[in-house]
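Here is the structure we will look at.
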Amino acid sequence: MKIRELKADENFYGKPDRIAARWGVIINDIRKQNLNRQDAIDSLYVFTNQLWDFLNGRIEAGIIRKYTDEEWVFPVRGYGPSAIGGRNGSGYIVGGFDFFDGSTGGHPAHDIFINDRDQDSRDDNTGLPVEILSMTGGIVIETRKNWTTENMDIKGGNIVYVYDNYTNGLFYYAHLEDVFVDVGDYVSPGKPLGTMGRTGKNAFPSRSPTHLHLMYVRSFDGELLPENIYSDLINAKIIY
């Protein structure tokens with residue numbers, strides 16, 4: 001949620017890809033541990049508020065709209081809540097997860113599985129790739145499209161980060177095969193982001209069934225805290 005108002009000199013105006021790309025600078029510094037925790041939080045506070053204001057301006061101009069949680073869709077085409085790992089969402093475990101210190105403790109996400117016994121990233125029933133859909137509206141702030149097995153230190157593989165301007169939070173879609181969107185693209189619920197794959201350190205090995213790793217973190221003045229969206233997944237519209 002947006003708690004404090006920005007100062008006048010913090011206003012930012014520009015093209016959507018320009019403001020969205022600011023995330024890349026901040027997150028790279030966080031991943032490389034180049035920022036201490038408070039500096040990272042402060043940077044993300046400014047970024048998320050600028051993005052919030054930017055998108056609100058686009059809404060007022062009639063360019064985009066804001067989508068409520070009642071309009072959200074299930075993020076895997078042709079599948080629904082029964083594909084979520086664990087029992088009643090039990091796969092979601094916050095544990096020792098901390099967005100800022102690189103901690104890998106816990107699993108504050110939901111894994112959504114498809115029928116893919118031969119692990120070719122194709123649905124066993126259709127023989128076709130399975131599209132990953134944006135659950136919400138918002139704007140794409142990060143993608144990775146070039147993962148290979150030479151990058152086994154990268155856990156998420158090919159990814160998409162979407163900033164949702166309804167909740168002031170970030171949706172992280174990981175282990176994609178192909179990515180269709182670019183930084184700065186506006187998305188609406190149901191827009192294809194890419195296709196499900198087996199990219200990333202944790203998804204490529206044969207021990208791992210083919211799945212989407214979906215995490216949500218909400219910004220509280222720049223502090224990114226994970227929240228369980230299981231009930232939202234249960235209530236989301238299924239698209240075939």
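The values are calculated or read from the model by the stated rules, or taken from the named source; none is laboratory data. The structure displayed is predicted, hence computed values, not measured ones. Glycine gets a Cβ as well: all are built from the backbone with ideal geometry, and neighbour counts include every protein chain shown.
If you go through region 93-128 and keep only what is over 30 Å from Asn34 (Cβ atoms) and in contact with a strand residue (DSSP E or B) (Cβ under 7 Å, 6 or more places away or on another chain), you end up with His110, Asp111, Ile112, Phe113, Ile114, Ser121.
Within region 223-240, if we keep just the residues that are among the aliphatic types (A, V, I, L, M) and assigned to a loop (DSSP other than H, G, I, E, B), the residue that is farthest from Gly96 (Cα to Cα) turns out to be Ile239.
Is it fair to say Asp164 is crowded, with 18+ Cβ neighbours inside 10 Å, within 22 Å of Gln50 (Cα to Cα), of a type outside the set (S, T, N, Q) and touching a Gly at 6+ places or on another chain (Cβ under 7 Å)? Yes: the conditions hold for Asp164. Scanning region 78-112 for residues that are part of a strand (DSSP E or B) and crowded, with 18+ Cβ neighbours inside 10 Å yields Ile84, His107, Ala109, His110, Asp111, Ile112.
Restricting attention to region 50-77, which residues are within 19 Å of Glu142 (Cα to Cα), within 18 Å of the chain's Cα centre (by Cα) and not in a loop (DSSP other than H, G, I, E, B)? If the condition is that a residue be within 19 Å of Glu142 (Cα to Cα), within 18 Å of the chain's Cα centre (by Cα) and not in a loop (DSSP other than H, G, I, E, B), then Leu51, Trp52, Leu55 are the ones that fit.
Let's see how each residue does on (1) within 24 Å of Val94 (Cβ to Cβ); (2) at pLDDT below 95; (3) polar (S, T, N, Q); (4) surrounded by 18 or more Cβ atoms within 10 Å (Cβ to Cβ):
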position: Thr126; (1), (2), (3), (4): no, no, yes, no
position: Ile141; (1), (2), (3), (4): yes, no, no, yes
position: Thr149; (1), (2), (3), (4): no, yes, yes, no
position: Phe171; (1), (2), (3), (4): yes, no, no, yes
position: Asp182; (1), (2), (3), (4): no, no, no, no
position: Gly194; (1), (2), (3), (4): no, no, no, yes
position: Ile229; (1), (2), (3), (4): yes, no, no, yes
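Taking residues in region 164-182 that are free of Cβ contacts under 8 Å to residues at least 60 places away in the same chain and in a loop (DSSP other than H, G, I, E, B), and partners anywhere that are aromatic (Phe, Trp, Tyr) and surrounded by fewer than 19 Cβ atoms within 10 Å (Cβ to Cβ), not one pair has Cβ atoms closer than 8 Å while being at least 6 places apart or on different chains.
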